[in-house]
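The values are calculated or read from the model by the stated rules, or taken from the named source; none is laboratory data. Only a predicted model underlies this, so the values are computations on that prediction, with no experimental measurement involved. No Cβ is skipped: glycine too gets one built from the backbone with ideal geometry, and neighbour counts run over all protein chains shown.
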């Protein structure tokens, strides 16, 4: 089974050996040579397995391991330790590594350990699937309270009685649970699973979803009666690309949060970096912005985050345009005229006679404008 594997190794020879071995075994590989690039790759990619040396330039394997466990908890990490460094191996396992290898090791040993990790991941995936199937059958327990074994443990509705209950991603609720939720909203009472006591509640409900529930209700994917029962005061929050004035406010909030969490002294983005953030459309909305801020704080060693710490998706934004400067109207009109003449000259391949025809001005007038804007050395006269 093909897996996506990240290799973090500073020795070129070892990098090539690992890459070729894993490629022959049918896996996709990404290779980086230091800790910072490793963390960046983890942020931007989705890897099944991460193989990293402990000793790395610009960081170490333990930092990579901690970062992977926070950002990609489903990824398995194999640490490579030096000969006889048992303490490193023990520490790695304590921090959540799936396995470790002690140098020197054989490629057969590496492949064997990777196969065991893949087998474990498949078992874990099956367990998660079965757990979700159980939640589909008994999913209401999280909201209403559970089973005879937990009769005394109050559910969310009981805890929120005479208050407010927030239900996130309401569109993901199975239809079997939607029926039960509708009954609670209409009758303001419920019984626990396996119980006989009727419990009355008075709860205000706030729901959130990224789906078009009205459309799903018409298509039968979401209960129409529940939809209209919930749709009392709808609040539509536009995507981040339509409210870019919120980006600086959200950015400041995330900087304070993650600077404190990572024990760093990062204070703000530089003006240039903020320009890139403001120009980016953030298809992942606020969560993507939060991810960008968290990543840059992890990588940035200074108080101010410069643009080079931004992910490539933001830096390579095709819609990014130079920041327009403000100034007198006459100056801005001159800038436009200059840039337009340059564009026409490029299309005319430097032929000033042809460019003058496109601009509908005389060749002499074009020369005067080119002299005015210091463009005479920009092209050859092919006329």
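Residue by residue, here is whether (1) assigned by TED's automatic domain parsing to the domain that holds residue 303; (2) in contact with a strand residue (DSSP E or B) (Cβ under 7 Å, 6 or more places away or on another chain); (3) under 30 Å from residue 300 (Cβ atoms); (4) surrounded by 12 or more Cβ atoms within 10 Å (Cβ to Cβ) holds:
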site	(1), (2), (3), (4)
208	no, no, no, yes
212	no, no, no, yes
217	no, no, no, yes
223	no, no, no, yes
264	yes, no, yes, yes
270	yes, yes, yes, yes
275	yes, no, yes, yes
Requested in this report: Taking the options 51, 64, 32, 77, name whichever one is closer than 23 Å to residue 128 by Cβ and either buried (at least 21 other Cβ atoms within 10 Å of the Cβ) or touching a helix residue (DSSP H, G or I) at 6+ places or on another chain (Cβ under 9 Å) (or both).
Outcome: 77
Report task. Within the stretch 226-236, count every residue that is loosely packed, with under 13 Cβ neighbours inside 10 Å and in contact with a helix residue (DSSP H, G or I) (Cβ under 9 Å, 6 or more places away or on another chain). Result -> 2
Report task. Provide a single number: the residues in the stretch 192-232 that are without any contact (Cβ under 8 Å) to a residue 40 or more places away in the chain and assigned to a strand (DSSP E or B). Result -> 2
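Being part of a helix (DSSP H, G or I) and more than 15 Å from the chain's Cα centre (by Cα) is the filter here; which residues of the stretch 285-308 pass it?
Restricting attention to the stretch 285-308, the residues satisfying the condition of being part of a helix (DSSP H, G or I) are 285-299, 307-308.
299, 307, 308 - these are the residues of the stretch 285-308 that are part of a helix (DSSP H, G or I) and more than 15 Å from the chain's Cα centre (by Cα).
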Query raised in the report: Any residue in the stretch 175-195 that is loosely packed, with under 12 Cβ neighbours inside 10 Å, on the phi > 0 side of the Ramachandran plot and at pLDDT 85 or above?
Result: no
Report task. Report yes if residue 108 is assigned by TED's automatic domain parsing to the domain that holds residue 53, at pLDDT 85 or above and more than 29 Å from the chain's Cα centre (by Cα), otherwise no. Result -> yes
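Here's a check for you: in the stretch 116-161, which residue that is at pLDDT 75 or above and assigned to a loop (DSSP other than H, G, I, E, B) is surrounded by the most Cβ atoms within 10 Å (Cβ to Cβ)? Spell out how you get there, then give the answer.
Here is the first cut: in the stretch 116-161, the residues at pLDDT 75 or above are 116-130, 154-161.
This time we only want the ones that are assigned to a loop (DSSP other than H, G, I, E, B), so: 154-155, 160-161.
On the way: 154: 16, 155: 20, 160: 18, 161: 13.
Filtering first and then ranking leaves 155.
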Query raised in the report: Mind checking which residues of the stretch 239-262 are touching a residue at least 12 places away in the same chain (Cβ under 8 Å), over 18 Å from residue 316 (Cβ atoms) and surrounded by fewer than 16 Cβ atoms within 10 Å (Cβ to Cβ)?
Result: 239, 244, 248, 252, 262
